[in-house]
Amino acid sequence: MMRCISREAIQLWKETEFNPELARTYVSYTRLLQGWGQDSQAKAYLSEAITMFQEMHMSWDLTQVIGLS
C-alpha cells in the first residue's frame with residue numbers, strides 16, 4: 001500500500017515539476033525501502049534526492065538526509 005502511494009506521489013511531482021517535493025518524496029521512499037531491506041533501490045532514490053537538493057541549493061533538506069546515506 002505505502003509503496004503504491006509513494007510511487008503515485010513521485011509520479012505526481014514529476015508531472016507537475018514540483019521538484020522540492022519530489023526530492024522530499026524520494027527521501028521518504030528511501031526510508032521505506034531501507035526498512036524493507038531494499039538497500040540498493042534506497043541508495044538510488046537517496047542519491048537522486050541529494051543531487052536535486054544540491055542543484056536547488058536546499059541546504060537544510062540536504063543536511064537532513066546526509067545521515068541516511
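The values are calculated or read from the model by the stated rules, or taken from the named source; none is laboratory data. A quick note: this is a predicted structure, and the numbers were derived from the prediction, not measured. Cβ atoms come from the backbone with ideal geometry, glycine included; neighbour counts cover every protein chain shown. Just the protein is used for accessible areas: all its heavy atoms, side chains included, with ligands, DNA and RNA removed. Shrake-Rupley method; radii C 1.70, N 1.55, O 1.52, S 1.80 Å.
A compact table of results
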{"read-out": "Reported label for calculated semi-axes √(5λ) of the Cα gyration tensor in Å given (1) 24, 13, 11; (2) 18, 16, 8; (3) 20, 15, 8", "value": "(2)"}
{"read-out": "Sites matching GluC sites (Glu not before Pro) across the stretch 10-69 that sit in DSSP coil, with at most 16 neighbouring C-beta atoms within 10 Å", "value": "E17"}
{"read-out": "Helical contribution to [θ] at 222 nm, DSSP H n ≥ 4, -39,500 (n - 2.57), averaged over the chain, rounded to 500", "value": "-26000 deg cm²/dmol"}
{"read-out": "Cα pair count fraction exceeding 11 Å, expressed as % - the stretch 14-54", "value": "57"}
{"read-out": "Accessible area expressed per residue, the chain, with surrounding protein chains retained (probe 1.4 Å, Å²)", "value": "66"}
{"read-out": "Label-zone membership for the stretch 28-45, site M56, 7 angstrom Cα→C-beta point, backbone N under 16 Å", "value": "28-30, 45"}
{"read-out": "Low-density loop cleavage sites - chymotrypsin sites (Phe, Trp or Tyr not before Pro) in the stretch 10-69, where at most 12 other Cβ are within 10 Å (DSSP)", "value": "W36"}
